[in-house]
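> First, the structure itself, so that you have it in front of you.
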Amino acid sequence: MNKEAQINELLTRGVEEIFIKEHLEKELLGDKILRIKHGIDPTGPKIHLGRASVLRKLKEFQDLGHQIVLIIGDFTARIGDPSDKLEKRPQLSVEQIKENAKNYIDQIGKIIDISKTEIHYNTEWLSKMDFIETAQLMDCFTVQQMSHRRNFRERLDKGEDVFVVEFMYPALQGYDSLMINADVEIGGFDQLFNLKAGRTVQRKFNKPEQDIMTCTMLEGTDGRKMSTSWGNVVTIIDEPNDMFGKIMAVRDDLMIKYFTLCTDVSTQEIKEIEESLVLPQTNPRDIKIRLGKEIVTIYHGSDAAQKAEQNFKDTFSGGGIPENIKEVKVETGVLLADVLLGEGLVVSKAAFRRLVDGNGVHNLADDSVILDPYFKIEQEIILRIGKKEFIKIIVK
């Protein structure tokens with residue numbers, strides 16, 4: 001692919017909006033090495049495919065020779081990004097942030113070349129700001145600007161609280177752009193307000209304003225936006241079998257978006273796949289298997305992808321049990337609900353009861369369904385929980 005084709009792919013594939021597109025395109029066609037900024041707050045310990053899709057866009061810039069500047073928001077994570085939130089995001093402790101961030105660089109290195117990446121933690125400068133400097137930064141914005149933000153406006157219209165500290169987040173993100181001299185900032189579509197704040201801050205401090213690229217948001221396994229806080233994620237460090245199984249659970253109507261945002265399959269081939277889906281002889285399951293293999297290959301290699309495919313077929317088509325089934329040892333007489341809650345397979349006892357009521361707990365030893373919400377473990381048992389979770393419970 002020549003440079004112009006690369007640039008066209010960069011500016012179109014999985015891109016929602018570019019501001020200002022004509023300027024960015026001209027810069028990309030020139031010889032200047034652009035500073036491409038992306039910030040990521042360590043709100044959870046694992047990077048999911050939604051975040052990874054933006055990192056993959058960064059890789060495209062990097063492949064064209066531009067300088068990636070990655071901001072780990074260890075300071076801003078303490079405030080919490082209000083983007084697309086209909087309530088105040090809980091503030092994280094310093095300890096939680098450090099724990100979440102400790103493996104971030106290794107994970108990001110699965111996508112971009114870390115050796116060619118400039119990395120900063122925004123504590124470097126934000127923790128050193130005094131009150132006057134903070135006041136000067138906040139002077140870049142008006143209350144009207146902030147209150148016009150969609151999710152703030154919706155909360156205000158409902159009579160719900162919007163905290164002043166939430167107004168600070170986009171200002172601090174904008175200050176990051178000032179500190180690293182960003183030429184371009186890239187983020188998810190829900191980040192548009194924050195990204196434009198960078199331009200506002202740069203303009204206030206008489207610096208060139210960054211161009212902005214927003215990327216298409218990726219839905220999670222439940223059809224909502226993929227979000228760590230909602231738990232509907234496929235992470236890039238999921239085990240191959242788990243990753244493949246989650247992809248196979250994605251809604252059929254989202255497959256093309258996943259191909260576009262999460263794989264290296266060419267745009268032309270994705271178009272052909274999309275056209276084939278309307279043909280009566282096409283089985284969407286076969287397309288989804290291809291999708292699962294493409295994604296697992298990126299993060300675990302082709303051998304792992306082949307094994308994950310076979311494991312899925314053996315398990316779900318042949319009625320088998322996964323090779324690496326989770327095992328837990330318990331005392332005799334313990335409630336099954338307590339075991340599953342402790343292993344994170346249900347979020348509450350009420351959720352367990354709903355699962356039982358919906359015939360969602362299967363005893364694989366005799367192919368029976370557990371219907372008793374107070375079922376006690378008296379002997380070793382292998383269960384399928386819902387459609388894709390398995391557990392082997394051993395009595396001590």
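> Over the chain, what is the relative contact order in percent, taking alpha-carbon pairs closer than 8 angstrom and at least six residues apart? Provide the component values of the computation, followed by the final result.
Details: 613 pairs, mean separation 56.9, N = 396.
Relative contact order of the chain: 14 percent.
> Using just the helices of the chain, give the 222 nm mean residue ellipticity in deg cm²/dmol: DSSP H runs with n ≥ 4 each add -39,500 (n - 2.57), and the total is spread over all residues, rounded to 500. Write down the numbers at each step before the final one.
Details: 18 runs with 172 residues, N = 396.
Calculated at 222 nm, the ellipticity per residue is -12500 deg cm²/dmol.
> Is the shape of the stretch 240-317 rounded, prolate or oblate, going by the alpha carbon gyration tensor and its root eigenvalues a ≥ b ≥ c, with a/c under 1.5 for rounded and a/b larger than b/c for prolate?
Values: a/c = 2.03, a/b = 1.34, b/c = 1.51.
Here the stretch 240-317 falls in the oblate category.
> Here is a follow-up. Based on the inverse mean of 1/r over its pairs of different Cα atoms, what is the Kirkwood hydrodynamic radius of the chain, in Å? Could the numbers behind the result be given before it?
Working: mean 1/r = 0.0428 Å⁻¹.
Computed over Cα pairs of the chain, the Kirkwood hydrodynamic radius comes out at 23.4 Å.
> Next up: Going through the cross-link list 257/387; 46/207; 37/388, which pairs have a Cα-Cα distance over 32 Å in this structure? The partial results should precede the final answer.
Values: 257/387 23 Å; 46/207 35 Å; 37/388 38 Å.
In this structure, 46/207; 37/388 lie more than 32 Å apart at Cα.
> Here is a follow-up. Taking a quarter of the surface of the convex hull around the Cα atoms of the stretch 326-395, what do you get in nm²? If you can, show how the numbers build up before the last one.
Values: hull surface 15.8 nm².
Taking the Cα atoms of the stretch 326-395, their convex hull projects to 4.0 nm² on average.
> Report, in whole Å, the centroid distance computed from the Cα atoms of the stretch 337-396 and the stretch 253-299.
33 Å
> Please report the Cα spread of the stretch 144-195 along all three principal axes, rounded to whole Å, starting with the longest.
Principal-axis extents of the Cα atoms in the stretch 144-195, largest first: 39, 21, 15 Å.
> Okay, next question. Shape verdict for the stretch 187-335, please, from the Cα gyration tensor: rounded (a/c under 1.5), prolate (a/b greater than b/c) or oblate.
Values: a/c = 2.65, a/b = 1.53, b/c = 1.74.
Because a/c hits 1.5 or more and a/b fails to exceed b/c, the stretch 187-335 counts as oblate.
> For residue 117, which sequence-distant residues (separation of 5 or more, or a different chain) have an amide H within less than 5 Å of its own amide H, given hydrogens modelled in the peptide plane?
For residue 117, no residues qualify.
> Which aspartates and glutamates, on any chain, are close to residue 110 with Cα under 20 Å apart, when same-chain ones fewer than 8 places away are left out?
41, 60, 63, 99, 118, 238, 239, 242, 264, 294, 303
> Something else about it: Assuming a ≥ b ≥ c are the square roots of the Cα gyration tensor eigenvalues, decide whether the stretch 3-225 counts as rounded (a/c under 1.5), prolate (otherwise, with a/b larger than b/c) or oblate. If you can, show how the numbers build up before the last one.
Values: a/c = 1.41, a/b = 1.29, b/c = 1.09.
It comes out rounded by the Cα gyration axes.
> Just to confirm a number: summing +1 for Lys and Arg and -1 for Asp and Glu over residues other than residue 20 whose beta-carbon lies under 13 angstrom from that of residue 20, what do you get?
Numbers: positive: 21, 26, 196, 199; negative: 17, 22, 25, 27, 183, 185, 209, 211.
Once positives and negatives cancel, what remains is -4.
Read-outs throughout are calculated quantities, based only on the coordinates presented, and are distinct from any laboratory measurement. Quick caveat: nothing in here was measured; it's all calculated off a predicted structure. Counting neighbours? That spans all protein chains shown, and the Cβs are built from the backbone with ideal geometry, glycine included.
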